[in-house]
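Before any comments, here is the structure.
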Amino acid sequence: MKRNNIRHTLKVSLLDGIFASCMLGLTSDYITPYALALKARVSQIGILNALPYLISSLVQLKSAEATEKFKSKKKVIVLFVLLHTLMGLPILFIPYIFKGYEVISLIVFVTLFASLNAFAGPVWLSLMSDYLPMKKRGSYFGWRNKIFGIINISCVFIAGFVLYLFKFNILKGFFIIFASAFVCRIISWYFLTQMYEPPFRIKKEDCFSFVEFIKRAGESNFLRFVVFVAALNFSVNLAAPFFSVFMLKDLRFNYLTYTILISTVSIASILTIGRWGRNADRVGTVKVLRTSSLLISSLPFLWIMNQNPAYLVIIQIISGFAWAGFNLCATNFIYDAVSPAKRTRCIAYFNVINGVALCLGALIGGYLAKHLPVIFGYKLLSLFFISGILRFLVVGLFSRKLKEVRTVEDISARDLFFSVVGIKPAME
């Protein structure tokens, strides 16, 4: 592959990512508030967060087949991202066109919006990984995600400020931010069309079914990784969709306070993801996954202890720090563990299992949220407690079974933590 082609693709991919990050910043943290503005119930919030994961995961079973049929990764990416973008239009007009069916319509269109984008996801990740050597992926994606994080957080603040300004006409505020997101995604799609794709080749031995993939559970390190991530995300998603509900309905935070709290996670991620990436290149992805997952497991208990906004800012900083390392290295582990020819299929199958786990977590969480006892004044705190217990169980049962797939420096979790934070431990 020629260097000029690689440089050109990485450049347009960066531009695509900039505008895609704008779209995400304007939408992802505001779908649940949008549903609440449309008078959605807690059970409907659970479905809204569950169904997109389920359908998104199932459609990815066909991602690799579509790539083989089109004989091009780029064609699949461009087509399905365009369809995903166009699906943003009906979401804009739900309050005006689908009166009486607003919440149901939102669930349907958000599910389609997410699923069409998800279909292209494994193909895009596979194509991008073709351009980067193994030892550079952690630092490159850390740098890339840091840039996108800054853009994302800026758009989160802009969206929150718009909603705060339009608090007496909140649906108009949502129309403005979602329309802006649509324009950003159109620009992002244009840059995707400019990517270079190397000649497409597929070998028969690189094709295997989802059932064949599952049958290797006992012998595959990659499948153990899939089970670990899926089980952890199931535990997380029991509670994750309901933190917005907890802040906006139970604690009655205004949109400005809500925006500050959700933005803090992104800010912490931006400040630490580069350090996670550099350390992951040195010590491997498995050590980072183990360390960050322990921090992730502690988060629900910290929310139970206190709900003062100033205190929650600190908890959100810890959350951003932990999730930055986990998300970065979950992606990079796939790149390290799977050969390029099998990558699209393995990423798709990973997303299928992970998506089903996220879906079940949100659905069960939505059911439990209505039936659990009140603790410290709120039912949702009971849900957070259960989520935290399950997270620690998953980490204890599964994380030790993962094996690093390349030769790396041996380091303790304690030393890794201090290395990422940038300080030396007080006692040696």
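Looking at (1) among the aromatic types (F, W, Y); (2) within 17 Å of the chain's Cα centre (by Cα); (3) closer than 25 Å to A239 by Cα, which one does W124 not meet, given that it meets all the others?
Every condition holds for W124 apart from (3).
Matching residues to (1) surrounded by 21 or more Cβ atoms within 10 Å (Cβ to Cβ); (2) of a type outside the set (D, E); (3) in contact with a Lys or Arg (Cβ under 7 Å, 6 or more places away or on another chain):
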{"residue": "D16", "(1), (2), (3)": "yes, no, no"}
{"residue": "C22", "(1), (2), (3)": "yes, yes, no"}
{"residue": "I31", "(1), (2), (3)": "yes, yes, no"}
{"residue": "A37", "(1), (2), (3)": "no, yes, no"}
{"residue": "I47", "(1), (2), (3)": "yes, yes, no"}
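Among the numbered conditions (1) at pLDDT below 90; (2) touching a Leu at 6+ places or on another chain (Cβ under 9 Å); (3) not small (G, A, S), tell me where I270 comes up short.
Unmet for I270, out of (1) at pLDDT below 90; (2) touching a Leu at 6+ places or on another chain (Cβ under 9 Å); (3) not small (G, A, S): (2).
Kindly provide the set of residues from the range 366-377 that are of a type in the set (A, V, I, L, M) and under 28 Å from the mean Cα position of the chain (by Cα), ordered by number.
If the condition is that a residue be of a type in the set (A, V, I, L, M) and under 28 Å from the mean Cα position of the chain (by Cα), then L368, A369, L372 are the ones that fit.
Residue by residue through the range 320-354, note down the ones that are within 22 Å of V283 (Cβ to Cβ) and among the polar types (S, T, N, Q).
N327, T331, N332
Give the range 95-106 a look and list any residue that's within 25 Å of the chain's Cα centre (by Cα) and free of Cβ contacts under 8 Å to residues at least 60 places away in the same chain, or say none.
I104, S105
Test of understanding: among V338, V313, V288, which residue is farther than 30 Å from L58 by Cα and among the hydrophobic types (A, V, I, L, M, F, W, C)?
Exactly one of V338, V313, V288 is farther than 30 Å from L58 by Cα and among the hydrophobic types (A, V, I, L, M, F, W, C), namely V313.
Pick out the one residue from R185, R216, R282 that is under 28 Å from S57 (Cβ atoms), charged (D, E, K, R) and at pLDDT below 85.
R216
Taking the range 297-322 as the region of interest, how many residues are within 18 Å of F398 (Cα to Cα) and surrounded by fewer than 23 Cβ atoms within 10 Å (Cβ to Cβ)?
1
In the range 326-365, which residue that is of a type in the set (G, A, S), crowded, with 24+ Cβ neighbours inside 10 Å and modelled with pLDDT under 90 is farthest from the chain's Cα centre (by Cα)?
Checking each candidate, the answer is A348.
Filter the range 263-282 for residues that are aliphatic (A, V, I, L, M) and crowded, with 21+ Cβ neighbours inside 10 Å and give the result.
V265, A268, I273, A280
So which pairs qualify, if the first residue must be in the range 113-129 and in contact (Cβ under 8 Å) with a residue 60 or more places away in the chain, the second must be surrounded by fewer than 24 Cβ atoms within 10 Å (Cβ to Cβ) and not in a helix (DSSP H, G or I), the Cβ gap must be under 8 Å, and the two must be at least 6 apart or on different chains?
F113/M87; L127/M195; L127/E197
If L171 passes every condition in (1) surrounded by fewer than 18 Cβ atoms within 10 Å (Cβ to Cβ); (2) within 23 Å of the chain's Cα centre (by Cα) but one, which one does it miss?
(2)
If the Cβ limit is 7 Å and pairs must be 6+ apart or interchain, which residue in the range 258-275 that is touching a residue at least 60 places away in the same chain (Cβ under 8 Å) pairs with which residue that is among the aromatic types (F, W, Y) and crowded, with 21+ Cβ neighbours inside 10 Å?
Pairs found: S269/W323; T272/F321.
Of the residues that sit in the range 75-114 and are small (G, A, S) and outside any loop (DSSP other than H, G, I, E, B), which one is surrounded by the fewest Cβ atoms within 10 Å (Cβ to Cβ)?
Taking the candidates together, the pick is S105.
The values are calculated or read from the model by the stated rules, or taken from the named source; none is laboratory data. As the structure is a prediction and not an experimental result, all values here were calculated from the model. Using ideal geometry, Cβ is built from the backbone for each residue, glycine included, and neighbour counts are taken over all protein chains shown.
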